[in-house]
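Since every read-out is calculated from the coordinates, none of them should be taken as a lab result. Note that this is a predicted model, so its numbers are computed, not measured. Glycine also receives a Cβ, built like all others from the backbone with ideal geometry; neighbour counts cover every protein chain displayed.
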Amino acid sequence: MDHLAPNNTLSEGSDHGMADLRTSQPDPYAGHLAKANDDGGVISTEDIFDGRGQLLIRRHSAIDARCAQRLLQHRLQRPLEDQVQVKNVLTNADFLVEYSHFLQSHRDIFSAQRHLRFTRELEQLIGGMRLPSVVAQKMTVMKLCLPEQFQKALFSSWLAALIAREMSLDKEDIYAAFIAGLIHDIGFLHISSEILNKKGEASVSDWRAIQSHVVIGQMVLKGYPELPDSVARSVLEHHERCDGTGYPAARDENNLSIIGQIVAMSDALQALRMGVFAKTGRNLRDVLPFLRLNSNTHFYGIYRVTVDIIRKSGLEPTPVAHPQGNSQYVPLLVRRIDYLKQAVNSMKQIAKVLGEIEGGPKGRVSIRTFDQVLNGIITSGMARDELLGWIELIDDNIDDSVLLEINEIELMQNELIWQIGSAQRTFSAFLERECNVDSQMQATLRMHNDQLRESLEKLRQR
């Protein structure tokens, strides 16, 4: 997942007005189980029936590709995970090995672990885990079928627990943050692999399917006495934002939990460190420019503690050279400033028109999202002429200190480009589905949206 997913919200309510998505439609979890079925490792523990009572799979059958194909054509009477058994389910000892391998494989995270003296507490958290059998089953399937997602879960739980400790929360809340961080994306196991692995721009319907993972995750997790009460709510809320631009319910800071916002922060940083940065060699220290642009996205206290963690990590920023020579940074950054100004103009025009119509909840979310991005561009100075003048004075002999400043500007530009893209997707979804205005105003909004999309395409070019 991207570090801040698009925010075309789902409907509100404790279960957001939705039936259990595991039984109200064919469940893609069957496909993951078939993939995990190495040497008959996934067995049905009872007869499995469809929603009309027709027998689909007999008890003690291996859930292979053929069975999965049959299951994927039907709605089920009961959630599939309650009717199967997976062999070699991960134990606490297995998780300890997985975390050890994870830390050894990521030197910057290991350095932060040592500098913050978190090793012993992490081991105690792992050793004290009390995962329900179904949750342990799903994490095992995630490790086998979505290994990159599993690694991201390890990072998110590590950072969530560390943030909770540095905030001086009690042991129960630190444990809740750790578990919620580990299993926050468990709902992805119930989303089609075709959607999760899709290349290029996702459609509006794809994004709605992806966004459903938070609701599915809550459905999977609620009601287990082994889990802290706050875990299911935190999983539901980990894409909510304090300014009301998140999903599934666009809640504001007065209606969000501290554990949910801790997990939201850890999830955002894992998308950077385990996703974007993995391709460039950057380390955990390099998230600071991102954090500066998102100081009010989550609770401010969480932001302050996260910045302190990064600063106490013992890490230094990573100088990243331009693949075609560092002198190419200057024209790149100059072009981007020009295109940022064009995007700002388009967003202002859209926000002005939206402010004059009754756009409903999603229209209001679009306005808030554009306002947030515009404020970030203004306060960061990323479109100011003074910055442009400084960049244009850089000569071809770029030393390491100047390169680090250039890298920081590029990182902030990258984050703003992502935020603009997220706002544009949110607005496009509103325009496509729920914008009830006259044809002339529709045409005006579509024109500004097309102009914004063009600016985005230029901003994304290297």
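Quick notes
- Loop-located GluC sites (Glu not before Pro) across segment 331-401 with a Cβ neighbour count of 11 or fewer within 10 Å are Glu356, Glu358, with loop assigned by DSSP.
- Selection among Gly381, Met142, Ser230 by position relative to the dipole of the chain gives Met142 as farthest towards the positive end (Cβ unit charges, Cα centre).
- Per-residue packing, averaged as other Cβ atoms within 10 Å, sorts the ranges 318-331, 444-457, 161-174, 211-224 into the order 211-224, 161-174, 444-457, 318-331, beginning with the highest.
- Relative contact order, percent, the chain [alpha-carbon distance under 8 Å, six or more residues apart]: 16 percent
- Compactness of segment 30-73, expressed as Rg and Dmax over alpha-carbon positions, Å: 9.9, 31
- Length-normalised contact order of segment 25-174 in % [C-alpha pairs under 8 Å, at least 6 apart]: 22 percent
- When only alpha carbons are used to place a centre, segment 247-269 and segment 346-414 end up 23 Å from one another.
- For segment 97-148: rounded, prolate or oblate by the Cα gyration tensor [a/c cutoff 1.5]: oblate
- Each helix, a run of at least 4 DSSP H residues, gives -39500 (n - 2.57); summed and divided by the residues of the chain, these come to -18500 deg cm²/dmol at 222 nm.
- Rounded tilt (10° steps) of 171-183 against the dominant C-alpha axis of the chain: 90 degrees
- Applying both filters, DSSP loop and at most 10 other Cβ atoms within 10 Å, to the trypsin sites (Lys or Arg not before Pro) of segment 65-159 gives Arg117.
- Between Leu56 and Ile48, Phe49, Asp50, the built amide H atoms are under 5 Å apart, and every one of these is 5 or more places off in sequence or on another chain.
- Summary of packing: across the peptides 238-249, 276-287, 94-105, the per-residue average of other C-beta atoms within 10 Å ranks them, highest first, as 238-249, 276-287, 94-105.
- Shape category assigned to segment 297-360 from the gyration tensor of Cα positions, a/c cut at 1.5: oblate
- Amide H contacts for Val84 (H built 1.01 Å from N in the peptide plane; partners 5 or more residues away or on another chain; cut-off under 5 Å): Thr45.
- Contact order, relative form, for segment 316-462: 44 percent (alpha carbon pairs under 8 Å, 6 or more residues apart, mean separation divided by residue count).
- Isotropically averaged projected area of the chain, using the convex hull of Cα atoms (one quarter of hull area), nm²: 23.0 nm²
- Under 5 Å from the amide H of Arg384 lies no amide H of any residue 5 or more positions distant or on a separate chain, with H modelled from the backbone and absent for Pro and chain starts.
- Translational diffusion of segment 92-311, µm² s⁻¹ [Kirkwood Rh, Cα pairs; Stokes-Einstein; 20 °C; 1.002 mPa s]: 123 µm²/s
- Once the mean of 1/r is taken over each pair of separate Cα atoms and inverted, segment 326-459 shows a Kirkwood hydrodynamic radius of 15.8 Å.
- The string of couplings for segment 358-374 from the Karplus curve (6.51, -1.76, 1.60, θ = phi - 60°) is 8, x, x, x, 6, x, 5, 4, 4, 4, 4, 5, 4, 4, 4, 5, 4 Hz, one whole number per residue in order, with x for Gly and Pro.
- Whichever lysines have a C-alpha closer than 21 Å to that of Lys279, once near sequence neighbours (fewer than 8 apart) are set aside: Lys152, Lys198, Lys199
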